[in-house]
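Bear in mind that the values in this text are calculations on the coordinates, not laboratory data. What you are looking at is a predicted structure, and each value in this text was computed from that prediction instead of being measured. Please note: Cβ atoms are built from the backbone with ideal geometry, for glycine as well, and neighbour counts cover all protein chains shown.
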Amino acid sequence: MSDADSRTIVITGVTRGLGRALVEKFTALGHTVIGCGRKFEAVEAVRRALDPDPYLSIVDVLDAESVQAWALDVQDRFGSPDFLINNAGIAHAGVPFWELAKADFDAVIDINVKGPANVMRAFLPGMIARGSGIVVNLSSGVGRFAVEHYAAYVASKYAVEGLSKAVAKDLPAGLACIPLSPGVVDTDMLRDHWGEERSGQEASPAAWAEVAAPYILGLTAADNGESLRISPGA
Ligand SMILES: NC(=O)c1ccc[n+]([C@@H]2O[C@H](COP(=O)([O-])OP(=O)(O)OC[C@H]3O[C@@H](n4cnc5c(N)ncnc54)[C@H](OP(=O)(O)O)[C@@H]3O)[C@@H](O)[C@H]2O)c1
């Protein structure tokens, strides 16, 4: 790949699942990949597994100060990213709303909504100053229709849709903020919260990334504010 084709891509939550699969695919394609995770050993395991190794940091997206410091470091080293992918997220046990502990409700809203907000707040000023860049916020099908027993997760992904569309309205020309539903993929999140029996029927993260990575690289400022979806089987 020529330098002109290489993209600088920042991804949150890279230790497992979709985030890790995207890091692996973008690295294999020759792009400059920057990521974060909250557990040292898990982050190091991803870094050691890849050649060239991506630039990975220990950052919890909930910690706004840590996110700001990470963004400054990344922009010093690599400039503002071409793509900023807010992937980090959590789900919760499937129970009626009134049986979900407040702590679990709060954790899902905090990580899934305030996390991407913290990351956008830290990176967008640099991207705006440069005049280009695409923000992709991982949403969900259940950010567009409700399902039973996942009130906090559904609410968080509706919020991701709304946040992304509102930020899209604020952005100047040349940039985009896009809520992206990844489809259904066989990750720990699916197995832990939606059941082992369902997981075997869905695409693996690696198979998903074969479709998702080129799809994301094809997004442009013309997609600003659009609710988009990846079909892993496509
Ligand atoms: N899998 C699906 O079918 C599906 C469908 C719709 C939407 N999504 C969305 O896609 C995204 C990725 O999901 P996934 O299935 O890959 O989930 P996953 O397998 O559970 O992986 C989630 C990743 O996010 C990281 N993370 C969680 N909280 C974090 C925090 N506060 N700071 C930094 N990193 C954090 C996790 O790191 P740790 O190792 O530290 O926990 C992990 O690397 C999520 O936003 C999810 O809601 C997934």
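Can you name the residue in segment 50-75 that is more than 15 Å from the ligand (Cβ to nearest atom) and of a type outside the set (A, V, I, L, M, F, W, C) and, of all such residues, is nearest to the chain's Cα centre (by Cα)?
Applying the filter and picking the extreme gives TYR55.
Check whether at least one residue in segment 1-22 is of a type in the set (D, E, K, R), touching a strand residue (DSSP E or B) at 6+ places or on another chain (Cβ under 8 Å) and over 20 Å from VAL135 (Cβ atoms), and report yes or no.
No: segment 1-22 contains no residue that is of a type in the set (D, E, K, R), touching a strand residue (DSSP E or B) at 6+ places or on another chain (Cβ under 8 Å) and over 20 Å from VAL135 (Cβ atoms).
Counting just the residues of segment 78-108 that are within 12 Å of the ligand (Cβ to nearest atom) and closer than 21 Å to LYS165 by Cβ, which one comes out surrounded by the fewest Cβ atoms within 10 Å (Cβ to Cβ)?
Taking the candidates together, the pick is VAL108.
Just checking, which of SER6, SER57 is touching a Cys at 6+ places or on another chain (Cβ under 7 Å) and either among the small types (Gly, Ala, Ser) or free of Cβ contacts under 8 Å to residues at least 60 places away in the same chain (or both)?
Step by step, each of SER6, SER57 is checked, and only SER57 is touching a Cys at 6+ places or on another chain (Cβ under 7 Å) and either among the small types (Gly, Ala, Ser) or free of Cβ contacts under 8 Å to residues at least 60 places away in the same chain (or both).
What's the total number of residues in segment 75-110 that are in a helix (DSSP H, G or I) and not β-branched (Val, Ile, Thr)?
Number of matching residues: 14.
Please report, ordered by residue number, the helices (runs of 4 or more DSSP H) entirely within segment 141-221 with at least 3 residues that are under 16 Å from the mean Cα position of the chain (by Cα) and more than 11 Å from the ligand (Cβ to nearest atom).
151-170, 205-217
Looking at this structure, is SER57 of a type in the set (Ser, Thr, Tyr), in a helix (DSSP H, G or I), touching a strand residue (DSSP E or B) at 6+ places or on another chain (Cβ under 9 Å) and farther than 22 Å from ALA212 by Cα?
No: the conditions fail for SER57.
Residue check, PHE26 against (1) in a helix (DSSP H, G or I); (2) within 14 Å of the ligand (Cβ to nearest atom), all met but one. Which one?
(2)
To keep it simple, each residue is scored yes or no on (1) in a helix (DSSP H, G or I); (2) closer than 26 Å to PRO179 by Cβ; (3) among the hydrophobic types (A, V, I, L, M, F, W, C); (4) in contact with a Phe, Trp or Tyr (Cβ under 7 Å, 6 or more places away or on another chain).
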| residue | (1), (2), (3), (4) |
| --- | --- |
| GLU44 | yes, no, no, no |
| GLN68 | yes, yes, no, no |
| ASP73 | yes, no, no, no |
| MET120 | yes, yes, yes, no |
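Which of the residues spanning segment 91-150 are of a type in the set (Asp, Glu) and under 28 Å from LYS169 (Cβ atoms)?
The answer is ASP106, ASP110.
Taking LEU180 as the residue in question, decide whether it is over 15 Å from SER140 (Cβ atoms) and either surrounded by 17 or more Cβ atoms within 10 Å (Cβ to Cβ) or in contact with a Ser or Thr (Cβ under 8 Å, 6 or more places away or on another chain) (or both).
Considered against the rule, which asks whether it is over 15 Å from SER140 (Cβ atoms) and either surrounded by 17 or more Cβ atoms within 10 Å (Cβ to Cβ) or in contact with a Ser or Thr (Cβ under 8 Å, 6 or more places away or on another chain) (or both), LEU180 comes out as no.
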